[in-house]
Amino acid sequence: MQFTEEHEQFRKTVRGVVERVIAPHVDEWEEAGTFPAHEVFGALGDAGLLGLEYDPAYGGQGADHSYTAVLGEELGRIDCGGVPMAISVQTDMATPALHRFGSHELKERYLTPAIRGEQVASIAVTEPDAGSDVAGLRTRAVRDGDEWVVNGTKLYITNGTQADWLCLLVRTTDEGGARGMSQLVFPTDTPGFSVSRKLDKMGNRSSDTAELSFVDARVPVANTIGQVGKGFQQQMAQFQNERMIASYLAVGSTSFALERTEAYLRQRRAFGAPLLANQSVQFRLAELRSEVELLRQFNYACAEAYVRGEDITRMASIAKLTAGRLARKVADACMQFHGGVGYMEETWVSRYYRDARLLSIGGGADEVMLRILARMDGLDTGL
Ligand SMILES: Cc1cc2nc3c(=O)[nH]c(=O)nc-3n(C[C@H](O)[C@H](O)[C@H](O)COP(=O)(O)OP(=O)(O)OC[C@H]3O[C@@H](n4cnc5c(N)ncnc54)[C@H](O)[C@@H]3O)c2cc1C
């Protein structure tokens, strides 16, 4: 990936916005178990950060995907996992399908305010009985004239208590499996919709996560994103954006964690010398940095392939799998090198350790990535 002076300038802009709008409040938001999404997204929208690749006709920047890689790496350096995750839901998980497949009217009504940061979006796929197996979802939309009547439950929905609209995946026919699903823009002020629970999580605490309920909730058929019946396929394409941004965030967060750990090891002394004087410590840091660098370069190759318009399912799955596993390794090493103080709530390490764990579960668990890869490599034949 060829980065230019413009990319470096953009990196500085993102870092500046993060330092001004987000960094001073992270501890307070972690404590509160939520963050003011409208306020924060408004500021990010003003800085032009919420629609990098989107059509300028809807307020986007019309940039290529390389800028998303830079954005992800910089957001990954925020001192928590929750806020970057919430932002990337808005930019790369809940809106790509609307931009790619939505009608002009739908984009004007929902994409433009999301890019401005005036409306908060969620991606609503997971259900109590359908997580890894998306084809098993049961939330149903039955057509009644010009409206869909939606019934069901969605679980673990990021931004769920604050969202103005959901990119909602529902079943619209009885075909079963991956067939007969559709994506809808679902406004959360629709009668019959409610947030049934705000969930209490081990990590990513500043991000709100919710269980959502739909009881005879009516939305116009015109709110269908793209083609009726093609929702599963459209969501699979949208998942590629989700997996790429997750991997960019991981490069940012693991790099920052290793930088901070190095600084600690330089000043913490044991047995008459800084901890960093131990060759075993140097080697472990060097090894982990090498792995982060491999992931960074692989991400860039994936981003380039995406810019060229290639199918990046295989590369994005490899990146997401590697990112999840590497984040766990780095978090464990940082905790170990900090000793007792790392285990205390007062340091960044314990929060990072908890937050890093999510990456191997959310957005498709490690095993789901392996399932995709095994299938693509033809390993599942003949069983
Ligand atoms: C904090 C958080 C935020 C989230 N945000 C969102 C969101 O905004 N929108 C949304 O739609 N969803 C969201 N999710 C849901 C997330 O995508 C799911 O949790 C994830 O896809 C796994 O589904 P599940 O929890 O139902 O686990 P299950 O499907 O029950 O799987 C449990 C475990 O089984 C293993 N497994 C699964 N399949 C296989 C297999 N084929 N072979 C071997 N092992 C396997 C995996 O290790 C997996 O972790 C979020 C989850 C969390 C925790």
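The values are calculated or read from the model by the stated rules, or taken from the named source; none is laboratory data. Note that the structure is predicted; figures quoted are calculated from it, not measured. Note that each Cβ is placed from the backbone with ideal geometry, even for glycine, and that neighbours are counted across all protein chains shown.
Close contacts from region 118-134, counting a first residue that is touching a residue at least 12 places away in the same chain (Cβ under 8 Å) and part of a strand (DSSP E or B) and a second that is near the ligand (Cβ under 6 Å from one of its atoms) and of a type outside the set (A, V, I, L, M, F, W, C), with Cβ to Cβ under 7 Å and a gap of 6+ residues or different chains, come to Ser122/Thr158.
If you check Val134, Val83, Val89, which single one turns out to be more than 12 Å from the ligand (Cβ to nearest atom) and either assigned by TED's automatic domain parsing to the domain that holds Val17 or over 14 Å from the mean Cα position of the chain (by Cα) (or both)? Full working, then the answer.
Working: Val134 fails: more than 12 Å from the ligand (Cβ to nearest atom); Val89 fails: more than 12 Å from the ligand (Cβ to nearest atom).
Exactly one residue qualifies, and that residue is Val83.
Every residue in region 139-160 that is within 12 Å of the ligand (Cβ to nearest atom) and among the β-branched types (Val, Ile, Thr), please. Answer for region 139-160, where residues must be within 12 Å of the ligand (Cβ to nearest atom) and among the β-branched types (Val, Ile, Thr): Thr139, Thr153, Ile157, Thr158.
Residues that are acidic (Asp, Glu), surrounded by 15 or more Cβ atoms within 10 Å (Cβ to Cβ) and touching a residue at least 24 places away in the same chain (Cβ under 8 Å): does region 361-372 have at least one?
Yes, region 361-372 contains a residue that is acidic (Asp, Glu), surrounded by 15 or more Cβ atoms within 10 Å (Cβ to Cβ) and touching a residue at least 24 places away in the same chain (Cβ under 8 Å).
Of Leu326, Leu321, which residue is part of a helix (DSSP H, G or I) and away from the ligand (no atom under 16 Å from the Cβ)?
On the way: Leu321 fails: away from the ligand (no atom under 16 Å from the Cβ).
Just a single option satisfies the conditions, and that option is Leu326.
Here the condition is being assigned by TED's automatic domain parsing to the domain that holds Asn241 and exposed (fewer than 14 other Cβ atoms within 10 Å of the Cβ); of Ala331, Ala303, Ala319, Ala270, it holds for Ala270 alone.
Does Val228 satisfy the condition of being assigned to a strand (DSSP E or B) and touching a residue at least 40 places away in the same chain (Cβ under 8 Å)? Break it down into steps so the answer makes sense when it comes.
Values: assigned to a strand (DSSP E or B): no; touching a residue at least 40 places away in the same chain (Cβ under 8 Å): yes.
Spelling it out, it is not the case that Val228 is assigned to a strand (DSSP E or B) and touching a residue at least 40 places away in the same chain (Cβ under 8 Å).
Of all residues in region 266-299, how many are acidic (Asp, Glu) and either closer than 15 Å to Gly252 by Cβ or in contact with a Lys or Arg (Cβ under 8 Å, 6 or more places away or on another chain) (or both)? Full working, then the answer.
First, pick out the residues of region 266-299 that are acidic (Asp, Glu): 287, 291, 293.
Of the ones still in play, those that are also either closer than 15 Å to Gly252 by Cβ or in contact with a Lys or Arg (Cβ under 8 Å, 6 or more places away or on another chain) (or both) are 291, 293.
Number of matching residues: 2.
Scanning region 277-307 for residues that are among the hydrophobic types (A, V, I, L, M, F, W, C) and farther than 22 Å from Gln267 by Cβ gives Val292, Leu294, Leu295, Phe298, Ala301, Cys302, Ala303, Ala305, Val307. Can we say Ala178 is among the small types (Gly, Ala, Ser) and buried (at least 17 other Cβ atoms within 10 Å of the Cβ)? For Ala178, the condition - among the small types (Gly, Ala, Ser) and buried (at least 17 other Cβ atoms within 10 Å of the Cβ) - is not met. Applying the condition of being under 30 Å from Gln336 (Cβ atoms) and basic (Lys, Arg) to region 226-284 and asking which residue is farthest from the chain's Cα centre (by Cα) yields Arg269.
Per the listing Ile157, Ile225, the residue uniquely over 30 Å from Ser350 (Cα atoms) and β-branched (Val, Ile, Thr) is Ile225.
Just to be sure I understand, how many residues within region 332-358 are of a type outside the set (Lys, Arg) and near the ligand (Cβ under 10 Å from one of its atoms)? Give the steps one after another, and end with the answer.
Here is the first cut: in region 332-358, the residues of a type outside the set (Lys, Arg) are 332-350, 352-353, 355-356, 358.
Going one step further and asking which of them are near the ligand (Cβ under 10 Å from one of its atoms), we end up with 355, 358.
Final tally of qualifying residues: 2.
If you go through region 147-160 one residue at a time, how many are surrounded by fewer than 22 Cβ atoms within 10 Å (Cβ to Cβ) and either under 22 Å from Leu111 (Cα atoms) or free of Cβ contacts under 8 Å to residues at least 24 places away in the same chain (or both)? If you could, list the steps in order and put the result at the bottom.
So the first thing to find is which residues in region 147-160 are surrounded by fewer than 22 Cβ atoms within 10 Å (Cβ to Cβ), and the list is 147, 149, 151-153, 155-156.
Pick out the ones that are also either under 22 Å from Leu111 (Cα atoms) or free of Cβ contacts under 8 Å to residues at least 24 places away in the same chain (or both) and you get 147.
Total satisfying the criteria: 1.
Restricting region 192-211 to residues that are touching a residue at least 24 places away in the same chain (Cβ under 8 Å) and closer than 21 Å to Asp144 by Cβ leaves a set whose member that is farthest from the chain's Cα centre (by Cα) is Gly192.
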